[in-house]
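The next block holds one structure in the form of structure tokens; read it before the comments.
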Amino acid sequence: MATARVAFFMKMKRFLLSTLYSLLFALLIGCAQEQVYKKERKLMGTTAEITLYGENNQTAVEQAFKAMEEIEKIASEYRKDSQLSKINRYAGTKKVKVDPRLYEMIEKSVYYSKLSDGAFDITVGPLIQLWRIKEKMQKSNSTLPSEKEIKQKLKLVSYQEISLNRKEKSVYLKKKGMKIGLGAVAKGYAVDEAVKSLKVKGVKTALVRLGGEIRVLGERKKPWKIGIQHPREKDGILGVVELRDGEAVSTSGDYEQYFLKNDVRYHHIFNPKTGKPAWECQAVTIVASKGIDADIFSTTVFVLGPDKGMELIEKLPDIEGLIVKNDGEVIFSSGMEFSQN
């Protein structure tokens, strides 16, 4: 009988120890798992997403969304009440005093226009209206603008016809009919504003995404790894880029908005000098220290093409890039941390 009791207690001891170790292991695993808080909503015609790691500061997230919403209010060309729409409305008539943030976006755009010898130009608005890419995406048989129509609209495309007054923060378009579009600027800037807001609220680690614009905040145990969409495979990943604290990444591609006619892809990224889509690249991904720089530069390099684009990337500090040529070949800059699938 005594022997049986000893055996029973030994079994119970092993059971309890096993249970204890299992609970301890589960606890350790639970502690090791990172707390993630994610929120998303629609902004600027796309999805905005803010993800916090290791904390759940809902107030900070709401303030960051508000910061992005404020950029949409002043910089959207589709809102009649925006300051950007007012600038376009008064083109050739009078200057418009604007919010310092809108002024900064336009001033930075002009800087990149000069840097790229006009490859980047925010005054392509008349071309966007002429081509109506979004509308034609829904049609099976779309007509193309005539050479005469393109030539007429090109007369209204020139960053040199933007007059800026930094002291009074005013903007004036010198020709009637000119139109600024910040589709390649505002999202990147909005992401920067969101990250700035999160920092003020004490957030240490986060990821902010607005459409194709992403910026990270803080360091993690593992590097920030961002998947880059394959330009010719709908759900395919071309590869992964690594980001460090504060860095931003932006991708511009001919697969986002386009229609096909006679096997030619007509997309939304225009060459300001030809008045037609830029055709030397399928996609460009840029890593930079700020969202606005990544956003603008991805479009700039797309228009410049692989040779001139990569040459410019290699000249600039804090800018790295990846280019998918129109034949599908992938090239990337010397400092780009990229792993191709």
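The values are calculated or read from the model by the stated rules, or taken from the named source; none is laboratory data. Only a predicted model underlies this, so the values are computations on that prediction, with no experimental measurement involved. Because the Cβ atoms are built from the backbone with ideal geometry, glycine has one as well, and the counts that use them run over all protein chains shown.
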Please pick out the residue among Glu247, Glu168 that is of a type in the set (Asp, Glu), surrounded by 16 or more Cβ atoms within 10 Å (Cβ to Cβ) and either more than 18 Å from the chain's Cα centre (by Cα) or more than 30 Å from Leu154 (Cα to Cα) (or both). Glu247
Restricted to the stretch 250-280, and to residues that are of a type in the set (Val, Ile, Thr) and modelled with pLDDT of 95 or more, which residue is farthest from the chain's Cα centre (by Cα)? Thr274
List every residue pair whose Cβ atoms lie under 9 Å apart, where the two residues are 6 or more positions apart in sequence or sit on different chains, the first residue falls within the stretch 68-90 and is in contact (Cβ under 8 Å) with a residue 24 or more places away in the chain and crowded, with 19+ Cβ neighbours inside 10 Å, and the second residue, located anywhere, is of a type in the set (Lys, Arg) and assigned to a helix (DSSP H, G or I). Met68/Lys187; Ile71/Arg101; Ile71/Lys187; Ile74/Arg101; Ala75/Arg101
Candidate set from the stretch 248-280 (those that are among the basic types (Lys, Arg) and part of a loop (DSSP other than H, G, I, E, B)); member that is farthest from Val324 (Cα to Cα): Lys273
Of the residues that make up the stretch 205-213, is at least one in contact with a Phe, Trp or Tyr (Cβ under 8 Å, 6 or more places away or on another chain) and charged (D, E, K, R)? no
Tell me whether the stretch 144-156 contains one or more residues that are under 17 Å from Ala278 (Cβ atoms), within 22 Å of the chain's Cα centre (by Cα) and modelled with pLDDT under 95. no
Filter result for Lys225 (surrounded by fewer than 19 Cβ atoms within 10 Å (Cβ to Cβ) and more than 21 Å from Ile286 (Cβ to Cβ)): no
Name the residues in the stretch 292-315 that are assigned to a helix (DSSP H, G or I), farther than 12 Å from Ser252 by Cα and not basic (Lys, Arg), would you? Ile292, Asp293, Leu304, Pro306, Asp307, Gly309, Met310, Glu311, Leu312, Ile313, Glu314
Going by the structure shown, is Ala190 modelled with pLDDT of 95 or more, part of a helix (DSSP H, G or I) and not acidic (Asp, Glu)? yes
Taking the stretch 277-314, which residues are touching a residue at least 60 places away in the same chain (Cβ under 8 Å) and more than 15 Å from Phe120 (Cβ to Cβ)? Lys290, Gly291
Just give me the residues in the stretch 281-291 being more than 24 Å from Glu193 (Cβ to Cβ) and either part of a helix (DSSP H, G or I) or under 15 Å from the mean Cα position of the chain (by Cα) (or both), in sequence order. Ala283
Scan the stretch 134-151 and report the pairs whose first residue is without any contact (Cβ under 8 Å) to a residue 24 or more places away in the chain and surrounded by 10 or more Cβ atoms within 10 Å (Cβ to Cβ) and whose second residue is of a type in the set (Val, Ile, Thr) and part of a helix (DSSP H, G or I), with Cβ atoms within less than 8 Å and a gap of 6+ or a chain change. none
